[in-house]
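See below for the structure under consideration.
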Amino acid sequence: RQWTPKPGPLAGRHALVTSGPTHEPIDPVRYIANRSSGRQGHAIAAALAALGARVTLIAGPVTVPDPLGVSVVKVETAAQMLSAVQVALPADIAVLAAAVADWRVAEPQVGKIKKQPGAEVPALRLIPNPDILATLSQPGPARPRLVIGFAAETDDVIAHAIAKRLRKGCDWLIANDVSPASGVMGGAENEVHLITAAGVEDWPRLPKDAVAARLAARILQELTGETP
Ligand code: CTP
Ligand code: CA
């Protein structure tokens, strides 16, 4: 679906956002997946559209509704997500919030795997998925001006996130603590840290919509020097 962008300070800019999990098939009825509601990524797509950006949201399987005012491309696997990202380029801004499965099953079965009496439990051979964020962050003419990744961590959140920003080659990384005690996974609020080349900003615990609005405002400031 194509939507006419609203007027706003990001008018004329294209933002690409990934959100939700990926599903990697084992057979027609089973898959491997990450835990992700898509709430934060979808909110970011909506917040960028609210500032006038043309937004392409590439979404894995989620139950949250499509945000209004953005074009949504629905995908299932990491490989499909990477292709959809490449088709959507060029973009000025990329926010990769999806929880991409790191591995996929090497040989997904065409037919349903059946239990056989007395047979062994099937062993799944996994192979690595492409890293969409690292691929998009590589220098070159197609690289978006601002590439932003996420890091969901359970321990040493900041240290892992600082290392991850450098490893991936993205400009900014948004880190959050997803340990069960934090309660943010699948919830309505998030508590994040923005990691840039300049350092680490600790943001307060906020509704996911407010985290998205604050990030969109930071993006606007970075690209234009304006505040919304
Ligand atoms: N990501 C991606 N493609 C992948 C894996 C991750 O684009 N195959 C992106 C995510 O969307 C996120 C960022 O990379 O923006 C970090 O994801 P994360 O899973 O935290 O990083 P990994 O490098 O996979 O490290 P880890 O071993 O901690 O899972
Ligand atoms: Ca990962």
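Things to note:
- Couplings 3J(HN,Hα) of segment 75-88, computed from phi: 10, 10, 9, 4, 4, 5, 5, 4, 4, 5, 4, 5, 5, 6 Hz, in residue order, whole Hz [Karplus 6.51 cos²θ - 1.76 cosθ + 1.60, θ = phi - 60°; x for Gly and Pro].
- Residues in the chain average 51 Å² of solvent-accessible surface per residue, probe 1.4 Å, ligands and nucleic acids excluded.
- Set against the 2.2 N^0.38 Å expectation for a compact globular protein, segment 144-201 has a Cα radius of gyration ratio of 1.11.
- Among the listed pairs LYS6/LYS208; LYS6/LYS74; LYS6/LYS168; LYS74/LYS115; LYS168/LYS208, a Cα-Cα separation exceeding 28 Å is found for LYS6/LYS168; LYS74/LYS115.
- Total formal charge among the other residues, if their Cβ is under 9 angstrom from that of THR77, Lys/Arg +1 and Asp/Glu -1: -1
- Under-5 Å amide H pairs with ILE32, H placed in peptide plane, nonlocal only: GLU24, ILE26
- Normalised Debye scattering of segment 107-152 at q = 0.22 Å⁻¹ gives log10 I(q)/I(0) of -0.87, counting only Cα atoms as equal scatterers and leaving out solvent.
- Between ALA33 and TRP103, the contour length at 0.36 nm per residue exceeds the alpha carbon distance by 24.2 nm.
- Max-minus-min Cα coordinates of segment 90-131 on each principal axis give 56, 17, 15 Å, with the largest extent listed first.
- Binned Cα-Cα distances of segment 28-100, short to long, each 10 Å bin given as a whole percent: 19, 55, 22, 4, 0
- Counting DSSP beta bridges with both ends in segment 13-103, the antiparallel % (nearest 5): 20
- Packing-based ranking, highest mean first, of 17-24, 176-183 given that Cβ atoms within 10 Å are counted: 17-24, 176-183
- For the peptides 111-122, 210-221, the ranking by packing is 210-221, 111-122, with the highest mean count of neighbouring Cβ atoms within 10 Å listed first.
- Under 5 Å, built H, 5+ apart or other chain: amide partners of ILE58: VAL17, THR18, SER19, VAL73
- Here the Kirkwood formula puts the hydrodynamic radius of segment 115-178 at 14.3 Å, using every distinct Cα pair.
- Spin-label pair VAL200/ASP155, simplified geometry with 7 Å Cα→Cβ offset, distance in nm: 1.6
- On the chain, 54 percent of the accessible area sits on carbon and sulfur atoms, based on a 1.4 Å probe.
- Helical runs (DSSP H, four residues minimum) scored at -39500 (n - 2.57) apiece and divided by the length of the chain put the mean residue ellipticity at 222 nm at -8000 deg cm²/dmol.
- Antiparallel content of DSSP bridges confined to the chain, in %, to 5: 40
- Shape of segment 128-228, Cα gyration tensor, a/c cut at 1.5: oblate
- Derived from the Cα gyration tensor, the three semi-axes of the equivalent ellipsoid of the chain are 31, 20, 17 Å, largest first.
- Here the label points at LEU124 and ASP66, each 7 Å from Cα along the C-beta direction, are separated by 2.9 nm in the simple model.
The values are calculated or read from the model by the stated rules, or taken from the named source; none is laboratory data. Keep in mind it's a predicted model, so treat the numbers as computed, not measured. Every residue, glycine among them, receives a Cβ derived from its backbone with ideal geometry; neighbour counts consider all protein chains shown. SASA here: full protein model, heavy atoms, side chains in, ligands and nucleic acids out. Shrake-Rupley method; radii C 1.70, N 1.55, O 1.52, S 1.80 Å.
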